[in-house]
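Rule-based calculations on the coordinates, nothing more; no lab input. All values reported here derive from a predicted model rather than from experimental measurement. So basically every Cβ, Gly included, is an ideal-geometry build from the backbone, and we count neighbours across all protein chains shown.
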Amino acid sequence: MTAATRDALRARLAPPPAGARYLTGSEFATLAAACARLLPRPGIDIAGPIDERLAAGTCDGWRYDALPPDREAYRRGMAGLDQTAQAIFGAPFTQLAPAGQDTVLSAVQGGTAPGETWQAMPADRFFEELLAEATEIFFAHPLAQEAIGYAGMADAPGWRRIGLDEREDREPAALRG
Amino acid sequence: MSARTASRLPCVAELVDAVVIGAGAGGAPLAARLAQAGLSVVVFEAGRHWDPPREFATDERAQSPLFWNDERLSAGADPVAFGRNNSGTGVGGSTLHYTAYVPRAQADDFRLRTEFGVGADWPIEHAELAPYYDEIERVLGVSGPSPYPWGPPRTPYPLPPLPLNGAAQLMQRGCAALGICTSPAANAAPSRAYHRPGIGTAPACTNRGFCQAGCSTGAKGSMDVTYIPLAVAAVAEIRANTFVTGIETDASGRVTAVVAMRDGLEERQPCRALFLCAGAVETPRLMLLNRLGRGPVGRHFMAHAGLQLWGTFDEDARPFKGMPGGLISEDTHRPADADFAGGYLLQSIGVMPVTYASQVARGRGLWGQAMLDHMQGYNHVAGINILGECLPHPDNRVELSGELDARGLPKPRIHFSAGENEQRMTAHAERTMRAIWAAAGARDIWAFPRYAHTIGTCRMGWTEDDAVVDADGRAFGHPNLVLCDNSVFPSALSVNPALTIMALSLRTADRFLKGVH
């Protein structure tokens, strides 16, 4: 592994800073609860890096014109999850059991979620953006990469065995055939 | 935004012969050529000058600063993804993160209107670009098959092809079963150590497979390790971290100076000629911001049909290794059973894990346990995709939105809706690719609809009624303003654009020099 690669992965393993910098405590709790259902595996912080990005005001180069700017989209999106949760179950999102949270998320993904927010902001597009960002953060984490048998980071000597069913000694064996 | 009048700004710089905006595929070859001819040249680049061996990590998120991350608003029926999908930032531009896949356009690509009665012809011919293709391939050190199975006769590639990875072998297997001809693809990375003329020795590609997030070894033929060093050797100045905000003209339309922000300070650079090479979104954005150009500035935005088809195989494919685009077929360049104009190429594709997971999220909408389960098969995933013609439509366009960026400038909004031709071609390609992947033994096959590259917003042509620049890239109405990047393409071509942009860059420089001397 090169020094630059090691530094990038180490930084990601550092414990997340406590609390939210941009979102309110309640918005952050809703986001964390949603991310825990989108990528259900403990030990990988997703809401923290999203909040950190919103605080920094950076983005990935584009957004759907149909959505408001990211900060506003996330704020309204978290309110929307609560509205949908209230409409279906009569309780805020964070107080629902996992199955109820999944019902809310599915309704948002399908663009059928009840709630005032979704009248003005397309629920399916918001869900797509949230899911894509959460997924990218998750699978960039060394623990998630290890779990899928990814060894690309160990490329300092280069790869010679690159064909089908070829593997170098430093690579993990196949997870499944 | 402060008023930016010439009288209020200190004149910090001496008059130079040429300012080039953008250090990518459009600007770098041209900058080298002009400097070699003895012109004083300054290249403005918005991003950093990276030190890849020290700074480039094998980590997708850590490499995201290579993409053009200023926000673009994506509108229309088929909104195009930007960021890592196309433009780059940094000395080298998008070549910092291109796959190195460098097929040549075929001769008929330049005559789409003549051939099909739709789209647009180029005002220049393939034969005029062929010597420049030769030259670029020699400088970059392109590895490819000789003879090449498709297109007009050509000089051999400087290097033999790179080895095939899992995805390439699977596509070879599927295509063989269907009688589709394939070949190792041309890639701008040396298959063995290679002396780049005038630059130095490039190492052989180590099959890192991370081309789309930056090459850390110097093997990939990106501009920062090829034409930029040539430009610097000829005493061109590369001014990194410099974001151009203003272009000043006199009453006759001649460009007199460029205004830019560097390290928080505004500076003004007087010039005799300006070469605008910022790509098919930033080039028209600068034209529109500065009210430059005649003709359809910002119109005819095109993005290649880029449908990707993924499948899971019994074999271990380890899609992160080797050249992402290892295998090619151009049998579909002009399919016999086509119900559309133009054509497409087929290629095998490897993929890095974060990029793949993100596509699974957007394309399949998988989350929860279903996402985790799917990603358990990552090492068994392989893909194929197309790169297809896109017809120009005036309503597909770049415009200035009412939303301001951190610099106080309007963010660009890009409208794109695929037309019937793109839809028919994509449907044809999906049928073809599903057959190939089924024949190769794939299961859980799924398609990711996608449009890639930014093309055609300041197109070249014969008159200002229908075009923004002439065949030499000169902007109508501005005698010393030359455009050179994918914005000047009148048609999208049925191949990846990088090599043609570079060839056009050298030709544009030669045409300019001929006019000067």
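Some notes on this structure:
- Amide H contacts for residue B:382 (H built 1.01 Å from N in the peptide plane; partners 5 or more residues away or on another chain; cut-off under 5 Å): B:311, B:313.
- Charge-dipole axis of chain A as Lys and Arg at +1 and Asp and Glu at -1 on Cβ define it, positive-most pick from A:149, A:57, A:127: A:149
- Shape parameters for segment B:37-142, alpha-carbon atoms, Rg then Dmax in Å: 18.1, 51
- Segment B:283-299 versus segment A:26-82: alpha-carbon centroid distance in Å: 35 Å
- Order of B:133, B:378, B:344 under a 10 Å beta carbon neighbour criterion, fewest first: B:133, B:378, B:344
- The magnitude of the dipole of chain B, with charges of +1 and -1 set on the Cβ of Lys/Arg and Asp/Glu and taken from the Cα centre, is near 580 debye.
- Treating r as the C-beta distance of residue B:201 and residue A:102 and R0 as 45 Å, the FRET efficiency rounds to 0.20.
- Three-way shape label, segment A:34-149, alpha-carbon gyration tensor, a/c 1.5: oblate
- For chain A: relative contact order, % (alpha-carbon pairs under 8 angstrom, 6 or more apart): 24 percent
- Other residues whose C-beta falls under 11 angstrom from the C-beta of residue B:318 contribute a net charge of -3, scoring Lys and Arg +1 and Asp and Glu -1.
- Here's the picture: charge each Lys and Arg Cβ at +1 and each Asp and Glu Cβ at -1 in the protein assembly as shown, and of B:260, B:123, B:217 the one pushed furthest to the positive end of that dipole is B:217.
- Ranked for footprinting exposure by Cβ neighbours inside 10 Å, fewest first, B:180, A:162 give B:180, A:162.
- Annotation: amide H of residue B:387 within the under-5 Å range of B:345, sequence separation 5 or more or interchain, hydrogens built in the peptide plane.
- Mean-position separation - Cα centroids, segment B:317-346 and segment B:148-177, in angstrom: 11 Å
- Under the Debye formula (equal points on every Cα, no solvent term), log10 I(q)/I(0) of the protein assembly as shown at q = 0.07 Å⁻¹: -0.45
- Along each principal axis, Cα extent of segment A:1-89, largest first, Å: 51, 31, 21
- The relative contact order of chain B comes to 24 percent, based on Cα pairs under 8 Å that sit 6 or more residues apart.
- Cβ-based exposure ranking for B:80, B:42, B:16, in which fewest neighbours within 10 Å come first: B:16, B:42, B:80
- Where the alpha-carbon atoms of segment B:284-418 are placed on the principal axes, they occupy 57, 44, 25 Å, in descending order.
- Burial order of peptide ranges B:265-274, B:355-364, B:18-27 (average beta-carbon count within 10 Å, highest first): B:18-27, B:355-364, B:265-274
- Hydrodynamic radius by Kirkwood, which averages 1/r over all alpha carbon pairs of segment B:144-214, in angstrom: 14.0 Å
- Normalised by residue count, chain B yields a Cα convex hull volume of 139 Å³ per residue.
- For residue B:49, neighbours were defined as the other residues whose beta-carbon sits under 10 Å from its Cβ, and their charges (Lys and Arg +1, Asp and Glu -1) total -1.
- Applying D = kT/(6 pi eta Rh) to segment B:36-98, where Rh is the Kirkwood radius over alpha-carbon pairs, T corresponds to 25 °C and eta to 0.890 mPa s, the Stokes-Einstein value obtained is 181 µm²/s.
- Mean sequence separation of contacting Cα pairs (under 8 Å, at least six apart), scaled by the length of segment B:208-291, corresponds to a relative contact order of 18 percent.
- Working from the Cα coordinates of segment A:92-177, the gyration tensor eigenvalues give, after taking √(5λ), semi-axes of 40, 14, 12 Å in decreasing order.
- Partner chain coverage, peptide A:160-172 - average Cβ within 10 angstrom: 6
- Calculated [222 nm] ellipticity per residue, helices only, for chain A: -16500 deg cm²/dmol; basis is -39500 (n - 2.57) per DSSP H run with n ≥ 4, divided by all residues, nearest 500.
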